[in-house]
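Participant: Dumping the structure here so I can ask a few things about it.
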Amino acid sequence: MPMGSEKTYVRLISAIYEAAVTPEKWGDFLAALSQQVGGLRIGLHCHDMSANRSLGMIHHGYDPDFIASYRAEFSSINPWTRAVIKGGVGIIQVSESIVDPDTLLRSRFYNEWLRPQEDIRTGAGVTLQKTRSRMIRLSCNIRERDRERLPALVETLTSLTPHLQSALSMTCDLIPRKYDRQLSSVLEALPGPAWVLDEFGKIFLANRLADKLHRSVDSFVNARAGMLFLNDTDADRALQRSLSGISRGAIEPLSPIVVNTGDGPLHASIAPLALSTDIEIDIANWQQIERPIAVFYLPIREGSLDRETSLREFRLTPTEAALSRALCAGETVGTYARARGVSPGTARKQLKSIYSKAGLRQQSQLVAFFADAKTKHFLDAH
């Protein structure tokens, strides 16, 4: 038994499957594995092979400042990562078999990232899963003075790898569904339209008010082919710039996006999606080329959306729209009927039909309802 006892083995396997359903516990598994082998620095990390950059790491034993620098800079020059990109899945690899030791010692990665951390120059790792452009890997580093622990590490990883692969598959199946449910609840609690977008503007989630805005009259947003567009060209460009900045890890406060709607400007807000940069989401969604990164929100009251949506559903006839325009302009039913050569009874029947379609009961309600700019635009179009 590579871990020394059946009890130890069972404890580590249990920790793996607990992490599968609760990603916050991956750190507990890494700590237990480090303790068992002794003095390991371990990272369970996602890597974008096409962009050659880290997507995040759950780690144990590393200085957090070194992890930050790894993701920002050193992941792209890690010679071990470059060497394993074309390798197989589920195969335990010792550091010296991946990169020649002399080559490693001459590298900037070693001298500026490995050596300052107590000279961690050897170890072993395994690529657990891989797609065409991404991989997820468990990497274990050992200090040079603890090199004798390497055989035990290799033996341990050999036994644990099938369980790690199964657990990651479980996580990818379970966590996104849980994440979508939680995020949907947050979006629905917002008092205005909101969308969850990726860096290109693809809509991952939209709340009920966003869907209502898509259907509204003279809408200033479009959701074509699952992508969000703003009809205001300048605002749409600002949205794309903000999404691009968030995707690159920009952390400075994002300015509001001013959207011209025809009824005046709206100061929309966009914010990074906090969970999208957390490693548990990276682990759960590591296979996806597209990932949600931001929430885009428009400060529009639901009452306004109700009015716009109901206008679309009124289906007024041209004659009914003409009568509504006349009443909004201050005419009476009688003067309207005389001007158009119809009987007052006919005009009253038309008004009754308008009431029925709009859910109104009296003329003062109709005038108030059809008084704003959007409604006048709607009536003018009919």
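The values are calculated or read from the model by the stated rules, or taken from the named source; none is laboratory data. Being a predicted model, the structure only gives us computed values, none of them experimental. Don't worry about glycine lacking a Cβ; one is built from the backbone with ideal geometry, like all the others, and counts go over all protein chains shown. Note: accessible area is taken over every heavy atom of the protein model, side chains too, but ligands, DNA and RNA are not part of it. Shrake-Rupley method; radii C 1.70, N 1.55, O 1.52, S 1.80 Å.
Participant: Any chance you could get the radius of gyration and Dmax over the Cα atoms of the range 59-211, in Å?
Facilitator: Radius of gyration, then largest Cα-Cα span, for the range 59-211: 20.2, 62 Å.
Participant: Compute the signed sum of charges (Lys and Arg +1, Asp and Glu -1) over the other residues within less than 11 Å, Cβ to Cβ, of ARG11.
Facilitator: On the way: positive: LYS7; negative: GLU6, GLU18, ASP28.
Cβ neighbours under 11 Å give a net charge of -2.
Participant: Of LYS202/LYS357; LYS212/LYS352; LYS130/LYS202, which sit over 31 Å apart, Cα to Cα? Kindly include the intermediate steps, with their values, before the conclusion.
Facilitator: On the way: LYS202/LYS357 36 Å; LYS212/LYS352 27 Å; LYS130/LYS202 24 Å.
Table pairs above 31 Å Cα-Cα are LYS202/LYS357.
Participant: For the range 1-144, report the accessible area per residue in Å² (1.4 Å probe, heavy atoms, rounded to an integer).
Facilitator: Heavy-atom accessible area per residue stands at 43 Å².
Participant: Which order do peptides 84-90, 318-324, 95-101 fall in by mean Cβ count within 10 Å, highest first? Intermediate values should be presented prior to the final figure.
Facilitator: On the way: 84-90: 13.7, 318-324: 18.3, 95-101: 15.4.
In descending order of packing, they fall as 318-324, 95-101, 84-90.
Participant: So what J values fall out for the range 19-33 if you push phi through Karplus, 6.51 cos²θ - 1.76 cosθ + 1.60 with θ = phi - 60°, rounded to Hz, Gly and Pro as x?
Facilitator: The phi angles translate into 5, 4, 9, 9, x, 4, 8, 4, x, 5, 5, 4, 5, 5, 5 Hz.
Participant: Treating the range 1-149 as a set of equal point scatterers at the Cα positions, no solvent, please give the Debye-formula log₁₀ I(q)/I(0) at q = 0.16, 0.17, 0.20, 0.21 Å⁻¹.
Facilitator: Values returned for q = 0.16, 0.17, 0.20, 0.21 Å⁻¹ are -0.90, -1.02, -1.43, -1.56.
Participant: To continue, here is another question. Quick one: with all protein chains in place, what share of the accessible area of the range 1-152 is carbon or sulfur, to the nearest percent (1.4 Å probe)? Working shown, then result.
Facilitator: Working: 3380 of 6790 Å².
Result for the range 1-152: 50 percent of the exposed heavy-atom area is carbon or sulfur.
Participant: On to the next question. Which trypsin sites (Lys or Arg not before Pro) in the range 90-180 pass both tests, a DSSP loop state and at most 12 other beta-carbon atoms within 10 Å? Write down the numbers at each step before the final one.
Facilitator: Details: sites: ARG106, ARG108, ARG121, LYS130, ARG132, ARG134, ARG137, ARG143, ARG145, ARG147, ARG149, ARG177, LYS178; in loops: ARG132.
Those that pass, being in a loop and sparsely packed, are ARG132.
Participant: Then there's this: At a 1.4 Å probe radius, carbon and sulfur cover how many percent of the accessible area of the range 190-239? Let's see the in-between values first.
Facilitator: Numbers: 1070 of 2090 Å².
Carbon plus sulfur share of accessible area: 51 percent.
Participant: In units of 2.2 N^0.38 Å, what is the alpha-carbon radius of gyration of the range 187-239?
Facilitator: Details: Rg = 10.7 Å, N = 53, 2.2 N^0.38 = 9.9 Å.
Normalised by 2.2 N^0.38 Å, the Cα Rg of the range 187-239 equals 1.08.
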